[in-house]
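The structure under discussion appears below in the form of structure tokens.
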Amino acid sequence: MNKNKLLLGLFLGTTISLTSCGDDGDDPGISISEPATYVFTRDGESTVSFSGQTTRILMAEEIIDALKESDLVDAETVIDAMFAHVEGANDFEDASLNTSDKSVRSKTAASSDFFSANTAEAAAVKEDFDAWIAAQVMEVFPVWDTEATAGVAGQIQEAGGGSIRYINAKGLEYNQAFNKGLIGALMADQILNNYVSTSVLDAGTNKEDNDAGTVADGKSYTNMEHKWDEAYGYAYGTAASTASPNATVGADDSFLNKYIGRVKGDEDFAGIAADIYNAFKLGRAAIVAGDYTTRDTQADIIREKISTVIAVRAVYYLQQGKATIGSDNGAAFHDLSEGYGFIYSLQFTRQPGTSMPYFTRTEVEGMIEDLMAGNGFWDVTATKLDEISNEIAAKFSFTVEQAGS
């Protein structure tokens, strides 16, 4: 019995117990007790670490705030620098972020499975985000106080004195495209196609080191444990309690965490937040136990559930936009802009048990082209929004009606 298996006794709680008889070199008969919280220790010291993911989430929060500052001097240069932060540059209000060697842009469309051998597509995705920054500054900031009309960028107010939205000539809020697009291109891509992938978890001597309980140089964790934790950090890195984050899920950041919470709040998907959290916990316990079959099963659960969150919100916002298009275009265009970003994020989802997304980049580009045809949101019809909604829902185990309400 290796050192890791002995550490199982440190887990808190035994809500689920299972036995693995894996075919991947696992030890038949390993029994894993699911921990009550995401707390793992070695020799009395925590082995959980995801500070880099927390840093990138906080950087991304400041970037989306800057995309709404129309009076920002030299805005495109400033926001570009925030996106591609260089260690030591004074890019953020939070001084601790300025000392970091992390950046959001470097991890956008940067997963091992989808982009390590597809650098052209990775570059194209990064260029999309660069283009949204440039367009917000060049097209929208100069007409911040101009009333928008079909074919003319500017502002549009929601009915009844509601929020003012700032849109391009086709009705799109670039800041929403950037925000929701980053949920896929950064958070989902790094979780689903990088850190829970065998290409990353088992890289080099990770499996042998994990079996032997050999920790990374100067650290309390093995490399494999740390990779799994980094995936966890993109979902819960800013949670009020990172050990038990579901009490506040939905309120901890503006990205994936927020929308896990939103989908959890829909009674049709009520258990999804618990499913994601439990899979992260059990997968981490399986790594400690050296049970890689159970680990990979939990990775597939994470892939399915997080992909579902993105798809549900894409359909939800298309249907919400459909409900007010023509009667309250301010509200409709805001919903459709969020839907645009979630559709964009579909290319980073992952079908469990495969190396494929639920929708390819080409398919996503087709849906966005349909959405933005002619004068974009000013012209889009309820029929077209239903067509796209049905196309998305058909790839998942939910209906448009379930997601759209």
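The values are calculated or read from the model by the stated rules, or taken from the named source; none is laboratory data. Quick caveat: nothing in here was measured; it's all calculated off a predicted structure. Every residue, glycine among them, receives a Cβ derived from its backbone with ideal geometry; neighbour counts consider all protein chains shown. Just so you know, the surface numbers come from the protein's heavy atoms only, side chains and all, with ligands and any DNA or RNA stripped out. Shrake-Rupley method; radii C 1.70, N 1.55, O 1.52, S 1.80 Å.
Some values worked out for this structure:
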{"quantity": "Among residues of region 358-368, those that are in contact (Cβ under 8 Å) with a residue 40 or more places away in the chain and in contact with an Asp or Glu (Cβ under 9 Å, 6 or more places away or on another chain), counted", "calculated": "1"}
{"quantity": "Test for Arg350: is it open to solvent by less than 30 Å² (accessible area, probe 1.4 Å), touching a Pro at 6+ places or on another chain (Cβ under 8 Å) and of a type outside the set (Val, Ile, Thr)", "calculated": "yes"}
{"quantity": "Scope region 33-53; condition farther than 18 Å from Ser220 by Cβ and open to solvent by 20 Å² or more (accessible area, probe 1.4 Å); matching residues", "calculated": "Ser33, Ala36"}
{"quantity": "Matching option when the condition is open to solvent by less than 30 Å² (accessible area, probe 1.4 Å), over 22 Å from Val309 (Cβ atoms) and without any contact (Cβ under 8 Å) to a residue 60 or more places away in the chain, among Asn206, Asn223, Asn210", "calculated": "Asn206"}
{"quantity": "Region 159-202: number of residues that are over 20 Å from Arg303 (Cα atoms) and not in a helix (DSSP H, G or I)", "calculated": "15"}
{"quantity": "Any hit, region 371-392, residues being within 20 Å of Arg262 (Cα to Cα) and either among the β-branched types (Val, Ile, Thr) or open to solvent by 10 Å² or more (accessible area, probe 1.4 Å) (or both)", "calculated": "yes"}
{"quantity": "Extreme residue, farthest from the chain's Cα centre (by Cα), among residues of region 358-368 that are within 27 Å of Ala279 (Cβ to Cβ) and open to solvent by 20 Å² or more (accessible area, probe 1.4 Å)", "calculated": "Glu363"}
{"quantity": "Pair list, Cβ < 9 Å and 6+ apart or interchain, from region 90-108 residues that are touching a residue at least 40 places away in the same chain (Cβ under 8 Å) to residues that are part of a helix (DSSP H, G or I) and among the aromatic types (Phe, Trp, Tyr)", "calculated": "Ser103/Phe83; Val104/Phe83; Val104/Phe129; Thr108/Phe83; Thr108/Phe129"}
{"quantity": "Filter result for the condition that a residue is touching a residue at least 12 places away in the same chain (Cβ under 8 Å), under 23 Å from Ala124 (Cα atoms) and assigned to a helix (DSSP H, G or I), over Gln319, Gln347, Gln351, Gln298", "calculated": "Gln347"}
{"quantity": "Per-region count, region 237-260, residues free of Cβ contacts under 8 Å to residues at least 40 places away in the same chain and acidic (Asp, Glu)", "calculated": "1"}
{"quantity": "Flag if Asp253 is among the charged types (D, E, K, R) and not in a helix (DSSP H, G or I)", "calculated": "yes"}
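So that you can scan it fast, the table gives a plain yes or no per residue for (1) on the phi < 0 side of the Ramachandran plot; (2) at pLDDT 95 or above; (3) out of contact with any strand residue (DSSP E or B) (no Cβ under 6 Å at 6 or more places or on another chain):
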site: Gly162; (1), (2), (3): yes, yes, yes
site: Glu173; (1), (2), (3): yes, yes, no
site: Lys180; (1), (2), (3): yes, yes, yes
site: Gly184; (1), (2), (3): yes, yes, yes
site: Gly218; (1), (2), (3): no, yes, yes
site: Tyr221; (1), (2), (3): yes, yes, yes
site: Ala247; (1), (2), (3): yes, yes, yes
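Residues checked against (1) in contact (Cβ under 8 Å) with a residue 40 or more places away in the chain; (2) buried (at least 24 other Cβ atoms within 10 Å of the Cβ); (3) touching a Cys at 6+ places or on another chain (Cβ under 8 Å); (4) within 25 Å of Ser111 (Cβ to Cβ):
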| residue | (1), (2), (3), (4) |
| --- | --- |
| Ala235 | yes, yes, no, yes |
| Arg262 | yes, no, no, yes |
| Gly265 | no, no, no, no |
| Asp268 | yes, no, no, no |
| Ala274 | no, no, no, no |
| Ala286 | yes, yes, no, yes |
| Asp291 | yes, yes, no, yes |
| Arg303 | yes, yes, no, yes |
